[in-house]
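Chemist: Dumping the structure here so I can ask a few things about it.
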Amino acid sequence: MSQALVVVAHGSHLNPGSSAPTYEHADTIRAAGAFEEVRTGFWKEEPSLREVLRTCEADEVYVVPMFISEGYFTEQVIPRELRLEGWDVEDWDSDGLSADVATYTAADTGQTVHYCGPVGTHGSMTDVLVRRAESVTGDPDVGEGFGFAVVGHGTERNENSAKAIEYHADRVRDLDRFEEVQALYMDEEPEVDDVTDFFESEDVVVVPLFVSDGFHTQEDIPEDMGLTDDYRTGYDVPAAVDGHRVWYAGAVGTEALMADVVLERAADAGADVSGAIETVRETTRVAAPEADD
Amino acid sequence: MPARQFDALIEAADADGGVEFDGLRVSRAGGEAASGGGYTFVTPEHEAADLSESELRAHAEGSPYVTNWYFWEHEVRRHDSPRRAFLRRAEAADEHAVHERYEALAEGLVTEWGQLRIEATLPDADDGARRYDVRHVADAGRAVDDLETYRDPLDARELAKYDDDGMYRPLKTATNAPTGWAFHDLGWRDAVETVETLYPATVANWYREREGTLDIDHWSDTAERQTGIYGVVEELPREAVEWVAEAACDDSQCVKRREWQYDEDDELAADGGDGAFPCREPCSLVVAAARRWTKLEEEDPREYTFRLTPSEKEQIEGILDAVADGRVDGIREADVYEDANRYRTRYLRAKLFDDDGDLAGVPTDPAEHGHDGEDHHGEDHDDHDEEDHGDHGDDDHDGHDDGDHGDHDSEAHGDHDGEEHDDHDDEE
């Protein structure tokens, strides 16, 4: 039976770049060839969440949300808009981080929909955070002498989003690869504004756990950390701040390896992705510097 | 005719029932290979029976009916699918006989789909494989070499993102599709994919409508379903929904044909348009704009008294028309006969606005005096700010999807800095 992958994301009415990471990861997976069809659907763009399923011919569809945590979108908006018959958040049996998959019939198309947990809470997301550090430093072995910060919104709006930040910060710490690892927040302590206070290491990689670049990752955070006075003038990577070198990575969701997390989600849900995970991991790798560099 | 096509024909003729498609009938006496009987070959123009295989080949050779059969039954396949129905439409296959279509395809058979012009051609009639060219209808007469040409349907995503002025297009079926490009020499699969990328889900919905299974969600269904920051749209008055449809869903704004009404038994008076494909429910742009209109409609009207000359009144009406019809950019700098001409408008502002930016010196709120012009404009933006906070609070429950923040991003760019708004907030 043919299987389709549908990656669903927020999208934007105003920011043309919002959909770019979703497209890019979908393309990577399409090229790996594990699915007959790979489609994207958006809350604010087209095809809409409402109509994306009918653009797939397959009877079996794996839906992976490009969201960072479990919450309003993954629990209410997406299942409702996809018309997942009998959706009940309890079916995920999640502690806020552990949603993996629940299977339903789409009321309008009759397709079997394997509705997966969001990319942001998958364990392999930790690898993407680390990969992001490799990308921004250009060093596939980055770690020694470096501090590592994962940045999120904070608990103010959604408790689960902070859980995801802590979860990945712990996992990066457990790798024992970076000198220090810290979870930081935009709207609560420990705050990203004071990033350099939390690190002894001269070099600090800062990776926001966001799906795509936008207002927070391109304006707020760079200004709050003191990388620049005005986001419009840009900032250096690394930027000198209070005697530290801050390597600001921008949204983790733009990292090519994100495609792997999407695939892992679908694989965990039972999709046959044999070989594709290895292919995607290989094709999204950060090149080691040339020997004579 | 390629050998594979004749082999396929023999195989199909030998099978139970033989071939019967688009005027072509090929079968074997006795109905199957084991019978050893001769073949029958029938087209609307031609009939031959009791043929050996080599005689059948002679009849089939060069017959458009055979290559046509092969294209539809061995290439496109998928009976009862949107993609097949769409490709059949592209050559009016259900209305015209094969030989007519082949003549037309040799010249190029053109259909339109919103602002898209789709031309089906048949470069090699001996093969029957159609090729397609997809471009903007405005580029109908242009040579392919004059256009940016593409082959990969996925390139249509980036292309469809911006209009000819480089502005972001949040609605793919808006009437501002860019010009100057062509997806040229596409196979049937890529042709459908290109159209579905430029106008997502339109083929699927058109097909459902054709089959009588279009699932329409009327305004009241869609409004009721909303939660979070969009929950308020349910409160938009019935008459305002009429204006929403007139403002946003008119043929001048969107190439879809609006099929949704206020509710199943309550049609909107606004014209749904003549688009080739249906709009089955209020889109996310309409819902987002309706949220703004819901908030604006919560205000009670007040009576203001302005003194205007007749021409000034008409000029204000003319400016409204020009902005609403998107004509402002086309008004020439020195054309002072146009109401929305920049000098005319600046003159009117110089004459009618007081230092606070109030029209004819009449304060918006009679109780409020003396805020400056910037703040006056700031009022609207404050609402924006509030909405953004709302996004964080509700829609943005997941917290980190930057899409919404991206929204904030662009709004902030458009509208000066947030501090002003904060100041204003404080004043209130």
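Condition check ((1) under 22 Å from A:PHE210 (Cα atoms); (2) of a type outside the set (Phe, Trp, Tyr)) across all residues:
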site	(1), (2)
A:TYR235	yes, no
A:ALA269	no, yes
A:VAL273	no, yes
A:VAL286	yes, yes
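Chemist: What residue, of B:THR294, B:THR345, B:THR305, B:THR309, is at negative phi, away from chain A (no Cβ under 14 Å) and touching a residue at least 60 places away in the same chain (Cβ under 8 Å)? Before you say what the answer is, go through the steps one by one.
Modeler: Numbers: B:THR345 fails: touching a residue at least 60 places away in the same chain (Cβ under 8 Å); B:THR305 fails: touching a residue at least 60 places away in the same chain (Cβ under 8 Å); B:THR309 fails: touching a residue at least 60 places away in the same chain (Cβ under 8 Å).
It is B:THR294.
Chemist: For segment A:185-293, please list each of the helices (runs of 4 or more DSSP H) lying entirely inside it that holds at least 2 residues being closer than 29 Å to A:HIS25 by Cα, more than 14 Å from chain B (Cβ to nearest Cβ) and modelled with pLDDT of 95 or more.
Modeler: Correct list: A:258-268.
Chemist: Would you mind stating whether B:TYR102 is more than 26 Å from B:ASP14 (Cβ to Cβ) and either in the same structural domain as B:ARG130 (by TED's automatic domain parsing) or at pLDDT 95 or above (or both)? Working first, answer last.
Modeler: Numbers: more than 26 Å from B:ASP14 (Cβ to Cβ): yes; either in the same structural domain as B:ARG130 (by TED's automatic domain parsing) or at pLDDT 95 or above (or both): yes.
So B:TYR102 fits the description; yes.
Chemist: Which ones in segment A:20-62 are surrounded by fewer than 24 Cβ atoms within 10 Å (Cβ to Cβ), more than 7 Å from chain B (Cβ to nearest Cβ) and among the hydroxyl-bearing types (Ser, Thr, Tyr)?
Modeler: A:THR28
Chemist: Only one of these conditions is not met by B:GLY62: (1) open to solvent by 70 Å² or more (accessible area, probe 1.4 Å); (2) closer than 17 Å to B:PRO2 by Cβ; (3) out of contact with any helix residue (DSSP H, G or I) (no Cβ under 8 Å at 6 or more places or on another chain). Which number is it?
Modeler: Looking at each condition in turn, B:GLY62 falls short on (1).
Chemist: Test B:SER252 against the criterion of being open to solvent by 30 Å² or more (accessible area, probe 1.4 Å) and within 14 Å of chain A (Cβ to nearest Cβ), and give yes or no.
Modeler: no
Chemist: For segment B:127-153, which positions are within 14 Å of another protein chain (Cβ to nearest Cβ) and surrounded by fewer than 16 Cβ atoms within 10 Å (Cβ to Cβ)?
Modeler: Within segment B:127-153, just B:ASP152 meets the criteria.
Chemist: Name the single residue, out of those in segment A:1-18 being facing another protein chain (nearest Cβ under 10 Å) and surrounded by fewer than 24 Cβ atoms within 10 Å (Cβ to Cβ), that is farthest from B:CYS283 (Cα to Cα).
Modeler: So the residue we want is A:GLY17.
Chemist: Output the residues belonging to segment B:173-198 that are hydroxyl-bearing (Ser, Thr, Tyr) and surrounded by fewer than 21 Cβ atoms within 10 Å (Cβ to Cβ).
Modeler: Selection gives B:THR175, B:THR179.
Chemist: Quick check, is A:VAL136 open to solvent by less than 10 Å² (accessible area, probe 1.4 Å), at negative phi, of a type in the set (A, V, I, L, M) and more than 12 Å from chain B (Cβ to nearest Cβ)?
Modeler: So A:VAL136 fails the test.
Chemist: So, one more: Considering only segment B:208-228, I want to know if a residue exists there that is over 25 Å from B:TRP260 (Cβ atoms) and surrounded by 15 or more Cβ atoms within 10 Å (Cβ to Cβ).
Modeler: The first filter runs over segment B:208-228 and keeps only residues over 25 Å from B:TRP260 (Cβ atoms), leaving none.
No, segment B:208-228 has no match at all.
Chemist: In this structure, is A:ALA169 within 13 Å of chain B (Cβ to nearest Cβ), within 19 Å of A:THR126 (Cβ to Cβ) and either surrounded by fewer than 23 Cβ atoms within 10 Å (Cβ to Cβ) or among the acidic types (Asp, Glu) (or both)?
Modeler: So A:ALA169 fails the test.
Chemist: Is it the case, given these coordinates, that A:PRO65 is at negative phi, at the interface with chain B (Cβ under 7 Å from one of its Cβ atoms) and in contact with a Lys or Arg (Cβ under 9 Å, 6 or more places away or on another chain)? Quick ask: steps written out before the conclusion?
Modeler: Details: at negative phi: yes; at the interface with chain B (Cβ under 7 Å from one of its Cβ atoms): no; in contact with a Lys or Arg (Cβ under 9 Å, 6 or more places away or on another chain): yes.
For A:PRO65, the condition - at negative phi, at the interface with chain B (Cβ under 7 Å from one of its Cβ atoms) and in contact with a Lys or Arg (Cβ under 9 Å, 6 or more places away or on another chain) - is not met.
Chemist: Given the criteria open to solvent by 20 Å² or more (accessible area, probe 1.4 Å) and either of a type outside the set (A, V, I, L, M) or in contact with a helix residue (DSSP H, G or I) (Cβ under 8 Å, 6 or more places away or on another chain) (or both), does A:PHE146 qualify?
Modeler: The answer is yes for A:PHE146.
Chemist: Which one of these is in the same structural domain as B:ALA90 (by TED's automatic domain parsing), open to solvent by less than 50 Å² (accessible area, probe 1.4 Å) and at positive phi: B:ALA156, B:ALA201? Lay out the reasoning, then the answer.
Modeler: Values: B:ALA156 fails: at positive phi.
Checking each option against the conditions leaves just B:ALA201.
Chemist: Answer yes if at least one residue in segment A:99-111 is within 13 Å of another protein chain (Cβ to nearest Cβ), of a type in the set (Phe, Trp, Tyr) and over 22 Å from A:ALA276 (Cβ atoms), and no otherwise.
Modeler: Filtering segment A:99-111 down to residues within 13 Å of another protein chain (Cβ to nearest Cβ) leaves A:99, A:106-111.
Okay, now just the ones that are also of a type in the set (Phe, Trp, Tyr), so none.
No, segment A:99-111 contains no residue that is within 13 Å of another protein chain (Cβ to nearest Cβ), of a type in the set (Phe, Trp, Tyr) and over 22 Å from A:ALA276 (Cβ atoms).
Chemist: With the requirement that a residue be closer than 21 Å to B:ARG210 by Cβ and either part of a helix (DSSP H, G or I) or open to solvent by 20 Å² or more (accessible area, probe 1.4 Å) (or both), what does segment B:93-114 give you?
Modeler: Here is the first cut: in segment B:93-114, the ones closer than 21 Å to B:ARG210 by Cβ are B:93-96, B:101, B:109-114.
Of everything in segment B:93-114, those that are closer than 21 Å to B:ARG210 by Cβ and either part of a helix (DSSP H, G or I) or open to solvent by 20 Å² or more (accessible area, probe 1.4 Å) (or both) turn out to be B:ASP94, B:GLU95, B:HIS96, B:ARG101, B:LEU109, B:VAL110, B:THR111, B:GLU112, B:GLY114.
Chemist: B:THR309 versus (1) open to solvent by less than 100 Å² (accessible area, probe 1.4 Å); (2) out of contact with any helix residue (DSSP H, G or I) (no Cβ under 7 Å at 6 or more places or on another chain); (3) within 22 Å of B:PRO170 (Cβ to Cβ): which is the lone unmet condition?
Modeler: (3)
Chemist: I'd like to check something: does segment B:213-231 contain any residue that is more than 29 Å from B:ALA129 (Cα to Cα), among the hydrophobic types (A, V, I, L, M, F, W, C) and more than 13 Å from every other protein chain (Cβ to nearest Cβ)?
Modeler: yes
Chemist: Counting just the residues of segment A:68-82 that are more than 7 Å from chain B (Cβ to nearest Cβ) and within 20 Å of the chain's Cα centre (by Cα), which one comes out nearest to B:THR222 (Cα to Cα)?
Modeler: Going through the qualifying residues, I end up with A:VAL77.
Chemist: What's the total number of residues in segment B:160-172 that are within 8 Å of chain A (Cβ to nearest Cβ) and open to solvent by less than 20 Å² (accessible area, probe 1.4 Å)?
Modeler: 2
Chemist: Do we have B:HIS74 as in contact with a His (Cβ under 8 Å, 6 or more places away or on another chain) and open to solvent by 40 Å² or more (accessible area, probe 1.4 Å) here?
Modeler: Here the answer is no, as B:HIS74 does not meet what is asked.
Chemist: Right, here's the next one. Pairs please, first residue from segment B:315-336 and in contact (Cβ under 8 Å) with a residue 40 or more places away in the chain and within 21 Å of B:ASN176 (Cα to Cα), second anywhere and assigned to a helix (DSSP H, G or I) and open to solvent by less than 60 Å² (accessible area, probe 1.4 Å), Cβ atoms under 7 Å, 6+ apart in sequence or on different chains.
Modeler: The qualifying pairs do not exist here.
The values are calculated or read from the model by the stated rules, or taken from the named source; none is laboratory data. Predicted model, so just to flag it, every value in this text is computed and none were measured. Every residue, glycine among them, receives a Cβ derived from its backbone with ideal geometry; neighbour counts consider all protein chains shown. With ligands, DNA and RNA removed, areas are computed over all heavy atoms of the protein, side chains included. Shrake-Rupley method; radii C 1.70, N 1.55, O 1.52, S 1.80 Å.
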